[in-house]
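What follows is a set of notes on a single structure, which appears directly below.
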Amino acid sequence: MLQLTRWRIINQLKKRQREGARQACAPSANDSDRTATVERIADPAGLDLEKTWNEEWEKNLLTAAMERLKRQVDPAQLQLFDLYCLEQWPAQKVARTLGVSLGRVYLAKHRIGRLLKKQVQLLRRTGA
């Protein structure tokens with residue numbers, strides 16, 4: 001989908017270049033109405049489409065993987081993982097708040113993290 005979007009943007013830019021070349025060969029009688037050349041050049045910093053696309057894609061993959069995990073794992077374990085890894089609470093605070101041992105927090109991080117990675121890989125392979 002990203003490649004298709006890229007191709008369409010390139011085709012549009014080529015079309016504009018061809019039209020611009022035709023206009024340059026046959027200038028109109030009133031050139032003062034035209035936009036300055038410097039204002040027609042796209043800002044390279046503003047066209048970082050691929051980076052934005054990849055960031056959004058990764059965020060959506062993670063969200064979809066978490067939704068799948070919610071149906072598969074114990075809610076208590078998921079809460080430990082969420083507070084420690086996603087909310088970035090210190091492990092001691094998570095253990096104290098939820099009344100569990102520190103080892104349980106680390107174990108939840110390990111187990112849920114491994115399952116989350118598998119889900120993300122599965123989603124990448126299927127393209128979902």
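The values are calculated or read from the model by the stated rules, or taken from the named source; none is laboratory data. Worth saying up front: this structure is predicted, and the values here are computed from it rather than measured. Every residue, glycine among them, receives a Cβ derived from its backbone with ideal geometry; neighbour counts consider all protein chains shown.
The figures follow:
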quantity: Pair list, Cβ < 6 Å and 6+ apart or interchain, from the stretch 66-84 residues that are over 16 Å from residue 117 (Cα atoms) to residues that are at pLDDT below 95 and assigned to a loop (DSSP other than H, G, I, E, B); calculated: 83/89
quantity: Residue, farthest from residue 122 (Cα to Cα), within the stretch 66-90, restricted to residues that are of a type in the set (A, V, I, L, M) and surrounded by fewer than 16 Cβ atoms within 10 Å (Cβ to Cβ); calculated: 76
